[in-house]
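Only the coordinates and a few stated rules stand behind these numbers; no lab work does. Please read all numbers here as calculations on a predicted model, not as lab measurements. So basically every Cβ, Gly included, is an ideal-geometry build from the backbone, and we count neighbours across all protein chains shown.
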Amino acid sequence: MKLAFSPEDEAFRAEVAAWMRENLTGSFAPLKFRGGPGDEHAFFEERRAWERHLGAAGWTGVGWPASVGGRGAPLSHQVIFFEEYARAGGPGRVGHIGEGLAGPTIIAFGTEEQKKRFLPPILSGDELWCQGYSEPNAGSDLANVRTKARLVGDKWVIEGQKVWTSLAHVADWCFVIARTEEGSSGHRGLSYLLVPMHQKGITVRPIQQMTGTSEFNEVFFDGAETAAENIVGKPGEGWKVAMGTLAFERGASTLGQQMAFKNQLGEVIAIAKANGRARDPAIRQRLADAWIGLEVMRANALRMLAGADKPELSREAYVSKLYWATWHRDLGKLAMDVLGPEAEIAEGGPGTYELTPLQQLFLFTRSDTIYAGTNEIQRNIIAERALGMPREQRA
Amino acid sequence: MNFAFTEDQVMIRDAARAFLGEQVTSTHVRRVMAEAEGYDRALWAEVVALGWTGLIAGEEAGGSGLGFVELAILCEEMGRVLYPSPFEATVVLAANLLSALGETQHLAALAAGDVTATLAGPNAQGQVTFVADGGGYSLTGSLRHVPDGARADLLLVAAEGTDGRTALFAVPGETPGLTRRALPTMDQTRRLAEIEMAGLRLPAGALVSADAGAALTLALDRAAAMMAAFAVGAAERCLEMTVDYTKGRVQFGRPVASFQAVKHQCADMALAVETARSAAYWAACVADETGPNGDLSALARAASGAKSWCSRAYFDCAATAIQLHGGVGFTWEYDVHLYFKNARAIEQVLGDPAFHRERVARLIGLDDTAEAAQ
């Protein structure tokens, strides 16, 4: 067991840091530290250009195998890349759903034709993706999907509604779980379809969140179409493929998230030092605990990745989502407490609703413990699958 | 960077778990903790024979020269079973300190199992000072809460000199004039004592180091990391006992483990255990990778971070274990109370969580306000 990185790793770290320093400049400079969760509306077009810039330089698909055009980097390099990207203030990636979810799913379950068609534009930043999982009646109970698709000639025709779809308003493609077997229920009879977003059968309606901004959308499918071959896995295997996609959420990019959190905590600490709250013993305890908790998050992620080659999910992987979400939500509240009365004052003028980044943090982190499996669902999963306690009785 | 056990480390863990699981049963713990001595000498001889007392001692001291990750593994396994023994005082404190000082003579005796030892210094409450006295030294002061202070064969006493430096003396337990009083403890698996010296005369040869301050800091941080690992093993055992008990306990016609109110508390225990394990291994790795000339502030952050994180996790798990055992969790018969009492004791060992968080607060620069403004 070793935490220290090798000299060769450190050289790679220096290479990434130097590239970021030299490239996150000029027209890209305003993007620093922008566009993360809660801030996805910021500088969108510029970030799309940045995604292409990253792709051209070979910094997309860092963990993808070289055989499909990725960098094929070893785990230590992936960790370093995501850490240095975030440390330098690399903006929120507009291509992260393609790179982190759609791409790995296609690599794992897709056909050779699908790999040739869909992977290169993800790597180049030319095509953006969104995820069509949740529905109004399929949130925590994801298997209750009602969106339907039927094969008509050489096309799938889709009817239904998805919700909480990040980036749907800008995405070129959506991976959709739809019910393809008439009369099926639960996780049987579902299929995993790749659907083009730019068509008249699709309507995207933004959801205004408590932050006043809109990261998430409702997506309506009203006779939307996709080619018959745009199915990943066989018809009826959608649940298996979808669960595979969820597993990819535990990749090395977790370390980039941890580093982004570190930047946020650093900002809170700087404010506490500047406004004197750093001398308050209660605040000191909380800041120190947050700092320790964040280092623990990194160690937990490194442990999780070191065991990622094993077939069964490890305990540290099971607790990971519950842990980071709760830590981050608590940081939002700590930021407000450090700011004190000043936390109330927003940006912009009268008649506008423009939040400061820390206000956005405070409000947006309320969603962290809800999306991608609520804290309650996470606790059920930990208890039932990691601890082997009896399953919840279902109606 | 590979944050997973090597094959050798997995072997050490499996062997330790098998040995301790067989030897240190609940019956063993309960028998030994009620006796005056507080540990089983025959079992201790086996532990010595396994080489555990010489684990971190270098080959020149007859040890196997392994590191703090391996020691953390042993501590974690001992925590699982609450092994009542001189291990913490002799190896985690004394051998660790002697090793940090580069001392070999006493270290060899500890490694060989010839003597048990402890540290009577900043890990206890109180102070000892010394002055040069003829060809030797004279020590005065008292210390409370010295682990194994009354039963250890050898005491490593840290004492402050007139020049403000901290020296380390090797004081045999039976030295005339050294007063040692065993203190009754709420957690019977650990032994604490009060020691007193009023002008205790020591020969020149008793001096181990004239300037042990830096080595003490290094060794105590490493020891804090090891106690964090101990807490992980014990906390995990609390979780296992609770899951087993609630699966077997039927109320309202179903196992109480099937109720969400119970499951969610167990999930929170699992979260505490796993994050604590990550914290303890982090600190163990940094303890291993940080020598006397390394980045001691990085070690201090990791050690204080892990000690506060893991001992809180342990206490929370032990407390939840009692609650979820219901009435029997409150009885002497079930083992949960042993862990609950030990958890509170481990919180205090080498500084409580609030102390360590405050230390981290300083180490991450919360007091650098003036500098930041300039």
Response to the item:
Its Cα gyration tensor gives chain A an equivalent ellipsoid whose semi-axes in whole Å, largest first, are 34, 24, 23
Worksheet item: How far, in degrees from 0 to 90, does helix A:75-87 lean away from the longest principal axis of the Cα atoms of chain A, to the nearest 10?
Response: 60
Worksheet item: Where Lys and Arg each count +1 and Asp and Glu each count -1, what net charge lies around B:T179 among other residues with Cβ under 13 Å from its Cβ?
Response: 0
Worksheet item: Among the GluC sites (Glu not before Pro) within region A:131-197, which fall in a DSSP loop and have no more than 12 other Cβ atoms within 10 Å of their own Cβ?
Response: A:E182
Worksheet item: Can you tell which of A:K310, A:K273, A:K333 shows the greatest fluctuation in a Gaussian network model of chain A with Cα springs below 10 Å?
Response: A:K310
Item to complete: Could you tell me which of B:A72, B:V273, B:V250 has its Cα farthest along the dipole of the protein assembly as shown towards the positive end, charges placed at Cβ (Lys, Arg +1; Asp, Glu -1), taken about the Cα centre?
Response: B:V250
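Quick check: net charge around A:I207, other residues with Cβ under 14 Å of its Cβ, Lys/Arg +1 and Asp/Glu -1?
Here the charged neighbours net out to -2.
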Worksheet item: Each residue of region A:228-238 in order: what ³J(HN,Hα) in whole Hz does its phi give by Karplus 6.51 cos²θ - 1.76 cosθ + 1.60, θ = phi - 60°, with x for Gly and Pro?
Response: 4, 7, 7, 10, 9, x, 7, x, x, 9, x
Item to complete: State to the nearest 20 debye the size of the charge dipole of region B:120-211 about its Cα centre, where the only charges are +1 on K and R beta carbons and -1 on D and E beta carbons.
Response: 240
Worksheet entry | Cα centroid separation, region A:22-55 to region A:139-170 (Å) | 30
Practice prompt. Return B:Y83, A:Y318, A:Y353 ranked ascending by Cβ neighbour count within 10 Å, so the fewest neighbours appear first.
Written response: A:Y353, A:Y318, B:Y83
Worksheet entry | Alpha-carbon centroids, region A:324-395 and region B:270-325: separation in whole Å | 25
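For A:279-289, what's the mean count of beta carbons from other chains sitting within 10 Å of each residue's beta carbon? Don't jump to the answer; show the numbers that get you there.
Values: counts 3, 0, 3, 0, 2, 9, 7, 2, 5, 16, 9.
What the average comes to for A:279-289 is 5.
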Worksheet item: For A:N144, what is the net charge nearby, where nearby means another residue's Cβ is under 14 Å from its Cβ and Lys, Arg count +1, Asp, Glu -1?
Response: +4
Worksheet item: Shielding of B:292-302 by partners, i.e. mean partner chain Cβ atoms within 10 Å per residue?
Response: 1
Worksheet item: Which entries in A:K321/B:K247; A:K32/B:K307; A:K155/A:K310; A:K116/A:K148; A:K240/B:K263; B:K247/B:K341 show an alpha-carbon gap greater than 30 Å?
Response: A:K32/B:K307; A:K155/A:K310
Worksheet, complete the sentence: In terms of the charge dipole of region B:119-209, which places +1 on Lys and Arg and -1 on Asp and Glu at the beta carbon, the residue among B:G199, B:L154, B:T129 farthest towards the positive end is B:L154
Item to complete: Please report A:T352, B:T217 as a ranked list, fewest other C-beta atoms within 10 angstrom at the top and most at the bottom.
Response: A:T352, B:T217
Response to the item:
Amide H neighbours of B:V208 at under 5 Å, excluding residues fewer than 5 places away on the same chain, with H built from the backbone geometry, are B:L168, B:F169, B:A170
Fill in: For region B:1-88, diffusion coefficient by Stokes-Einstein and Kirkwood Rh (Cα), 37 °C, 0.692 mPa s, µm²/s
237
Discussion item. Give the separation of the Cα centroids, region B:238-269 to region B:186-219, in Å.
Written reply: 45
Worksheet item: For chain B, which cysteines have no disulfide-compatible partner, meaning no other cysteine Cβ under 4.7 Å?
Response: B:C75, B:C266, B:C285, B:C310
Worksheet, complete the sentence: Connecting every pair of Cα atoms under 10 Å apart in chain B and solving the GNM, the largest mean-square fluctuation among B:L71, B:L207, B:L155 falls on B:L207
Worksheet, complete the sentence: For region B:205-221, in residue order, the Karplus 3J(HN,Hα) values (coefficients 6.51, -1.76, 1.60; θ = phi - 60°; whole Hz; Gly and Pro = x) are x, 6, 6, 8, 8, 7, 9, 9, x, 5, 5, 4, 4, 4, 5, 5, 5
Worksheet item: What is region A:251-386 by shape, rounded, prolate or oblate, if you read a ≥ b ≥ c off the alpha carbon gyration tensor as root eigenvalues and call it rounded for a/c under 1.5, prolate for a/b larger than b/c, and oblate otherwise?
Response: prolate
Fill in: Listed residue (A:A17, A:L54, A:A73) projecting farthest to the positive dipole end of region A:7-94, Cβ model
A:L54
